[in-house]
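I have placed the structure first, in the form of structure tokens, so that the comments after it can refer back to it.
Quick note: the coordinates plus some simple rules give every number you see, no bench work behind them. As the structure is a computational prediction, the values presented were derived from the model and not from experiment. As a convention, Cβ positions derive from the backbone with ideal geometry for all residues, glycine included, and neighbour counts pool all protein chains shown.
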Amino acid sequence: MALAYSTAELITGTIKSTPTPWFSLLANIEPPALRRKKALARKIERIQNDEELPIHNKIRGRTGSRLISRKPLWLKLNALHDFQPESDWRDASNDTQVTNSHLVNDPNIKPSGHDLDRRTWTQLNRIRTNHGRCNYTLNKWNPAIDPMSDCGEPNQTIYHIVNDCVIRKFEGGIEELNDVTDEAVETWTFSCDYMCDHANECGALKEKIK
């Protein structure tokens, strides 16, 4: 599980504090639990369609479990009878309670901007998740860094940079950035000093921590 999340973190360019539901949504990779369920559904379908398999007759008509702690294959047959992975993922995404989850209407569709260059894609995902290398986060990593924004706000969070900062805010808001409009990509992402400078700041911070 940890490996799956670390891989998705690498793909999306997000940071470790990002809530785990975001990894699958941004990477457009089904969550581990759903992938396991799909694999089980394929296995059951193969067993039911191949009468020559020894297990074919063993699971037919079986009910219950000899031990309460056991969860044999036949107990899952009914649950997987009408299994629709796309629909299940969509429902799970709608029930996700993480910041800005409303930005994803259908997790089965790749998020806007997946074809952008790596730098812009990474920063866009950090804005979507509200977890990025802003002063507020950098201060958590290294208390010597001031969390204050240069506009005077006590805490320079991603939300503040996008919505409230008098120096950097994007008039179109998080929704327009998420839609990756021409103005969002060509104007704000390449002119905002947060987007341009924080990669270098992070590199310097890592060297300092070492």
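When the pairs Lys16/Lys110; Lys38/Lys140; Lys58/Lys110 are compared against a 31 Å limit on Cα-Cα distance, Lys38/Lys140; Lys58/Lys110 fall above it. Computed packing ranks the peptides 87-94, 28-35 as 28-35, 87-94, most packed first, by mean other Cβ atoms within 10 Å. Take 102-115, 41-54 and order them by the average number of nearby Cβ atoms within 10 Å per residue, most first; the result is 102-115, 41-54.
Taken as Cα centroids, region 158-180 and region 1-62 sit 35 Å apart, rounded to the nearest whole angstrom.
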